[in-house]
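The values are calculated or read from the model by the stated rules, or taken from the named source; none is laboratory data. Only a predicted model underlies this, so the values are computations on that prediction, with no experimental measurement involved. Note that we place each Cβ from the backbone using ideal geometry, even for glycine, and neighbour counts take in every protein chain shown.
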Amino acid sequence: MTDPAPGVIRVGEVISGASRAIAGKAGVLIPATLLFAVVPAGTTILLRQFVAANPGSTDLILLSPYLQLPFIAAYAAFVTRQTLSHILRDPETVSESLMGTLRVFAPLLALQVLILLATILGIVLLVVPGILVTLAWSVAAPARISEPLSIIGALRRSAELTKGNRPRIFGLFLLYFASALVLSLLSRMFGFVFGGSSGLLTAGGSPVAIVFASLIGSVERLVVIVGAATLYLALRKAKEGAVEAEVARVFA
């Protein structure tokens, strides 16, 4: 196999690196993912019960994803630190990752909200700008966690790192969305079996179906977060050479 051009990543190496990280940290990441699944499921079930008692408030179900954003930010920081420490062979304990998560929680939450709003705006405008924003800022979170950057600095850093590799990153996104589509279809089928034709996230969805859907969503998010952390290191290595020691300082 020929070496890629300078500054270019190997898609296969990113996928295999992410797979090894998930397998290597399964003992920590799986419990964390199960715990994360409880929060969206609990939020949705409570909202469902409220809507069932107040039929005029059906739109409140739409608030569920936004109420979960703080927990998503904390989960992303924790998983990113565990992934980076595993890849760098500088194991970090759960308590160390939790302390590191607390230090970056507020800026990471603000960063995720900003990216979400920019992506939604881009999609509303013409779809393509939203995709371009997502590609350019795809490693902003691990950059903010691993480097002493401001929120805007993390976005700029991500845009700099992804430049020249965005077609390959888009290919990774397509592979992810294909896998997510299969999981989504399984989730919907499960929802119809246990929740009836009302679906998963309406007042008629059963708690079992909602928990299953939340678990599927949590697994999908785990893949995204680990993939972003792996991609971040691959981009830095491709553009800057050996950076393991520098990145590892964040765990010192």
Review point. Has region 108-119 got at least one residue that is under 22 Å from ARG168 (Cβ atoms), at pLDDT below 90, out of contact with any Asp or Glu (no Cβ under 7 Å at 6 or more places or on another chain) and not in a helix (DSSP H, G or I)?
Key: no
Review point. Restricting attention to region 96-118, which residues are buried (at least 16 other Cβ atoms within 10 Å of the Cβ) and over 14 Å from PRO142 (Cβ atoms)?
Key: PHE105, LEU109, LEU114, ALA118
Check your understanding: If you take the residues of region 128-150 that are among the small types (Gly, Ala, Ser) and surrounded by 22 or more Cβ atoms within 10 Å (Cβ to Cβ), which of them is nearest to ILE87 (Cα to Cα)?
Key -> SER146
Check your understanding: Right, GLY153: closer than 18 Å to LEU114 by Cα, surrounded by fewer than 21 Cβ atoms within 10 Å (Cβ to Cβ) and not acidic (Asp, Glu) or not?
Key -> yes
Check your understanding: What do you reckon, is SER19 surrounded by 13 or more Cβ atoms within 10 Å (Cβ to Cβ) and at pLDDT below 90?
Key -> no
Study note, to complete from the structure: Going through (1) at pLDDT 65 or above; (2) out of contact with any Phe, Trp or Tyr (no Cβ under 6 Å at 6 or more places or on another chain); (3) within 30 Å of VAL94 (Cα to Cα) one by one, LYS239 fails only at (3)
